[in-house]
Amino acid sequence: MAQPKNDVMDKIVSLCKRRGLIFQSSDIYGGLANSWDYGPLGAELKRNVKDAWWRAAVHYRDDMVGLDSGIIVHPTTWKASGHTDNFYDVLVDCKKCKRRFRVDHIGDTCPNCGSKDFTEGRAFNLMFKTYLGAVADEGSVAYLRPETAQGIFLNFNNVINSSRKKLPFGIAQIGKSFRNEVTAGNFTFRMREFEQMEIEYFTRPEDAETCYREWLRQRFDWYIQLGIKKENLQLRAHGSDELAHYARACSDIEYNFPFGWSELEGVANRGDFDLKQHSQFSGVDLQYHDQVAQKKFFPYVIEPSGGVDRATLAFLVDAYHEEVVEGRNRVVLKLSKDLAPIKVAVLPLLKKKEDIVSMAKKLKKDLQKDLVCVYDDTAAIGKLYRRQDEIGTVFCVTVDVQSLEDQCVTVRNRDTMEQERVAVDQLHAYLTDKLKN
Ligand code: ATP
């Protein structure tokens, strides 16, 4: 994959570190490749991304349920799924500049130095191996899951029997996955430990194609509803030579990152591969029993599979704006209000005036029950506004001398920078209403 064409990524990486969104993992030890930690604001942002997904995937639907299965599952799972035999990347090293690439990411020319002289391809299984129990021998080998999907298939009968779902229905899951990625990542785009948001949607075989198209549309729209600009998203259908061993059809939802168009999420029609494989390997019948037609069959599976970290990065990149306001550079994260880590900052205009400070602190306390708020009095107001703009805080509420007399405060809108006087007793309703719509 090409390196950053411009300095936007550098600016975002630096903003993320400076403002506590994303830190390099283990940086006191010199860092750990392809590993990143989310700081105080990043943790909020990532939670908001996952909550928005969960609401859309589970709470707003009648045909979906959630699941939270384990990271380590029975090792036979990975034989049945094909990961033990097929989950390989083929890597080559450029003999001239010594950079390492995935064969499927380059043509016959080194993207770094232009040479065409590569080493022979070598295959690496991406799964992390571990051992269960006291003895580390071949019989105790287990793997950290490279995708969350298999936990869903293993629980197919459990979910049907406990929730009485009828086809078509789906199971959604968010959780950590692990892949021993050996090529250099672009910030959080490629990590060894990352989170996925996955849906396995079970349908009658004859409805699978329609269902696949419908999920593609819905997942594409989800990113747009949460603020991604339409021109920065595209669908790319996989060619038949590119399809995974199980897939009948697959399309990627791609985002126009500063380092090029890259996959945010894959939507695949997996046919009946998974349930059939697990039935065969476990000896347990995972067919669906149609009570009305009195017949049993393996449902087809449509799988929208996205990454929390890649989605979060795309939201950050898309929200990043620089503009000149009254001769000064303003950096603002125009994150959607659902995703913004902080919704409201309460700022006293004069921190030396006790009445103002206590009024501001009381306002923050009242608002924090329903909205994520902060109180900040550590700089002059201009600087406080700039700090909040940089992390995407949707509203700033300022308490000034006049507030003590007229019981009104100034509410400043992040995007328009317009300011409005709002009565203190109306403030909660005003803000919750604006943040809802
Ligand atoms: P790539 O080709 O970029 O390695 P993939 O096609 O192997 O990705 P999938 O197996 O389809 O990825 O995984 C589904 C989703 O999980 C991806 O669309 C991505 O959002 C996320 N994902 C996969 N691998 C990683 C990773 N190493 N770091 C962060 N997110 C990842």
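The values are calculated or read from the model by the stated rules, or taken from the named source; none is laboratory data. Computed from a prediction, not measured in an experiment: that's the story for all the values here. With ideal geometry, Cβ positions are generated from the backbone for all residues, glycine too; neighbour counts draw on all protein chains shown.
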Every residue in the stretch 259-301 that is among the hydrophobic types (A, V, I, L, M, F, W, C) and within 16 Å of the ligand (Cβ to nearest atom), please. Phe259, Trp261, Leu264, Val267, Ala268, Phe273, Val301
Taking the stated definitions as given, is Ala56 surrounded by 15 or more Cβ atoms within 10 Å (Cβ to Cβ), within 26 Å of Thr312 (Cα to Cα), out of contact with any Pro (no Cβ under 7 Å at 6 or more places or on another chain) and not acidic (Asp, Glu)? yes
Number of the condition not met by Asn232 [criteria: (1) away from the ligand (no atom under 11 Å from the Cβ); (2) within 25 Å of Glu206 (Cα to Cα)]: (2)
Those residues of the stretch 268-310 that are among the aliphatic types (A, V, I, L, M) and in contact with a strand residue (DSSP E or B) (Cβ under 6 Å, 6 or more places away or on another chain) come to a total of 4
Residues located in the stretch 298-320, provided they are in a helix (DSSP H, G or I) and of a type outside the set (Ser, Thr, Tyr): Val308, Asp309, Arg310, Ala311, Leu313, Ala314, Phe315, Leu316, Val317, Asp318, Ala319
Based on this model, can you work out whether Gln280 counts as surrounded by fewer than 19 Cβ atoms within 10 Å (Cβ to Cβ) and at pLDDT 95 or above? yes
Within the stretch 58-72, which residues are touching a strand residue (DSSP E or B) at 6+ places or on another chain (Cβ under 8 Å) and in a helix (DSSP H, G or I)? Val58
Report whether or not Thr188 is in contact (Cβ under 8 Å) with a residue 24 or more places away in the chain, assigned to a helix (DSSP H, G or I) and of a type in the set (S, T, N, Q). yes
For the stretch 260-270, check the following and say yes or no: at least one residue is assigned to a loop (DSSP other than H, G, I, E, B) and either touching a Leu at 6+ places or on another chain (Cβ under 8 Å) or not polar (S, T, N, Q) (or both). no
Of all helices (runs of 4 or more DSSP H) fully inside the stretch 73-167, the set with 1 or more residues that are within 24 Å of the chain's Cα centre (by Cα) and assigned by TED's automatic domain parsing to the domain that holds Phe259 is 149-154
Which listed residue is of a type in the set (Lys, Arg), buried (at least 21 other Cβ atoms within 10 Å of the Cβ), farther than 16 Å from Glu209 by Cβ and in the same structural domain as Met197 (by TED's automatic domain parsing), from Arg270, Arg310: Arg310
Only one of these is in contact with a helix residue (DSSP H, G or I) (Cβ under 6 Å, 6 or more places away or on another chain) and either more than 15 Å from the ligand (Cβ to nearest atom) or in a strand (DSSP E or B) (or both): Phe202, Phe194. Name it. Phe194
Filtered residues of the stretch 318-369 (kept if in contact with a helix residue (DSSP H, G or I) (Cβ under 7 Å, 6 or more places away or on another chain) and either more than 22 Å from Val409 (Cα to Cα) or exposed (fewer than 13 other Cβ atoms within 10 Å of the Cβ) (or both)): Asp318, Tyr320, Arg330, Val331, Val332, Leu333, Lys334, Leu335, Asp338, Leu339, Pro341
Restricting the stretch 33-57 to residues that are outside any helix (DSSP H, G or I) and in contact (Cβ under 8 Å) with a residue 40 or more places away in the chain, the one farthest from Glu390 (Cα to Cα) turns out to be Ala33
Which numbered condition trips up Glu181, out of (1) in contact (Cβ under 8 Å) with a residue 12 or more places away in the chain; (2) more than 9 Å from the ligand (Cβ to nearest atom)? (2)
Just a yes or no: is a residue in the stretch 113-128 closer than 30 Å to Asp63 by Cβ, within 16 Å of the ligand (Cβ to nearest atom), in contact (Cβ under 8 Å) with a residue 40 or more places away in the chain and surrounded by fewer than 20 Cβ atoms within 10 Å (Cβ to Cβ)? no
Can you confirm whether Thr393 is surrounded by fewer than 22 Cβ atoms within 10 Å (Cβ to Cβ) and either more than 31 Å from the chain's Cα centre (by Cα) or of a type outside the set (Asp, Glu) (or both)? no
Within the stretch 68-92, the residues that are out of contact with any Phe, Trp or Tyr (no Cβ under 7 Å at 6 or more places or on another chain) and among the acidic types (Asp, Glu) are Asp68, Asp85
